[in-house]
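The values are calculated or read from the model by the stated rules, or taken from the named source; none is laboratory data. If you're wondering where the values come from, they're calculated on a predicted model, not measured in any experiment. Every residue, glycine among them, receives a Cβ derived from its backbone with ideal geometry; neighbour counts consider all protein chains shown. Please note that ligands, DNA and RNA were not included when accessible areas were found on the heavy atoms of the full protein model with its side chains. Shrake-Rupley method; radii C 1.70, N 1.55, O 1.52, S 1.80 Å.
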Amino acid sequence: MAFRRRNKSYPFFSQEFLIQNHADIVFGLVIFILIGLMFEATAKTAILFIQPQYNVTTLSSEGEVTLYHYGWKDCATILFYFFIAIILHAVVQEYLLDKVNRRLHLSKSKNTKFNESGQLCVFHLVSSVWSFYILITEGYLLHPSTLWENYPHVHLRFQVKFFYLTQLAYWLHALPELYFQKVRKEEISRQLQYICLYLLHISAAYLLNLSRVGLVLLFLQYVSELGFHIARLLYFTDENHQKMFDLWAVSFVFTRMSTLTLMFLAVGFGLARSENQGLDLEMGNFNTVLIRMTVLLLVCLTQSWLLWKFIRFQLRRWREFRHEQAVRKKSAAKQPLRPLKRDSLGHHENGVLKAENGASPRTKKLKSP
C-alpha cells in the first residue's frame, strides 16, 4: 500500500527513505499486530493494543454495565492508535491536501500552513462532533452539576475512555510528524507549544479523574480551533476571504471566558464543597487544595497566554490593514485627474472643444492688430 508518489528511489535505512515510506512501514506494523489476533498464543498480547483494558462489570438500573478505569496497559493501546493516526495523516495528505495544493500553487511557507490547517481541520471536526455526541448521551450538558458531583469519576464508559486514548495518540503522533513533514525550523517551536499543551491538559484530565470537565473543555476548544483553521484555508484559496477570521475572533473570546468560568465553577467551587476531601491514590481521589489550585493555575496561565497571543495577532492584522489603506490612498493621489471644463458653447474632451450636440464649433478668426 503506497501513500505517496515516488519520484525517486532512496537507499534503505536512509533519512529520505524513512520520510518517504514511513506510512507504509507503520501500516506493516499495524498489519502485524492484527495478524496476532488470529493465533491463540499471541491473541492475548495483540488484544492489549486494540481494545481498551481494565474493564469492570457493575449492576445498575440499566442492567449489567461495563465500565473502565486507567492503568499502565493503556500505553499499548495508545501506541496502536498512534500508528493508526500516522496512517490516517498520510491518507488525508496524499488523497486530499496534495491534490488541492497542486491547483493553488502556494509558496513553501503557505504550503506548510495549508497542510497544517488541513490536517487539524479534519481532526477538530471529527473530535468536536464525537465529543458533542458523548456530552449529549452522557447527559453532561443538560445536568452540569454531574461534572463535579460524585467525584472521583474513576469508572468511565467505553466511549469516554476510547475518546481520551485516541486523543492522546493523535497528539503524540504529531511529534514525529514534524520530522516526517519536514517542517521548517521557524515553525517547529510554535507547533511544539500547542502540541505539548494539548498533551499536558488531556493527560491531566484523564489521570486526575477530571474526565467530565475535560470533555466539555475539549469540545469548546475544538470548535473554536475548527473555525480558525477553516478561516485560514479559505484565506489561502482567496485572500479576500477574511470575514471568517472575525467570526473566529468572537468564538475565541467566548471559549476563553467559558473555559475559565467552567473551571472555577467545577474545580474551584464544586470540588471544594465535595465530601471526599483528601489524597487517596487507591480510590483515585485527588481532591486536595494543592491539586485544585495547581489545576486552576495551569488553566488560567494557559488561557492568559492564549489571549495574549490573540491580542497580538489582532493588532498585527489591524496594522497591516491600516498600512494597506495608506498605500492605496497614496497610489490614488499620485494618479492625476483630468478635469472636464465646460463653457457656454460646449465642453472640452481630450483637449478638443466640442459643442453640446457633439459638433465641433467654428473657430473664430483673430483680428490682426
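Could you identify the single residue in 78, 19 that is at pLDDT below 90 and in contact with a helix residue (DSSP H, G or I) (Cβ under 6 Å, 6 or more places away or on another chain)?
Of the residues listed, the single one that is at pLDDT below 90 and in contact with a helix residue (DSSP H, G or I) (Cβ under 6 Å, 6 or more places away or on another chain) is 19.
Across the stretch 96-139, what is the number of residues that are closer than 21 Å to residue 191 by Cα, hydrophobic (A, V, I, L, M, F, W, C) and either open to solvent by 40 Å² or more (accessible area, probe 1.4 Å) or assigned to a loop (DSSP other than H, G, I, E, B) (or both)?
The qualifying residues number 4.
Could you grab me the full set of residues in the stretch 264-280 that are among the aliphatic types (A, V, I, L, M) and open to solvent by less than 70 Å² (accessible area, probe 1.4 Å)?
The answer is 266, 267, 271, 272.
Among the listed residues 310, 321, which satisfies the condition of being within 24 Å of residue 235 (Cβ to Cβ), modelled with pLDDT of 85 or more and of a type in the set (Phe, Trp, Tyr)?
Result: 310 is the single residue among 310, 321 that is within 24 Å of residue 235 (Cβ to Cβ), modelled with pLDDT of 85 or more and of a type in the set (Phe, Trp, Tyr).
Is there any pair with a first residue in the stretch 121-145 that is touching a residue at least 24 places away in the same chain (Cβ under 8 Å) and a second that is outside any loop (DSSP other than H, G, I, E, B) and of a type in the set (Asp, Glu) whose Cβ atoms are under 7 Å apart and which are 6 or more apart or on different chains, and what are they?
124/225
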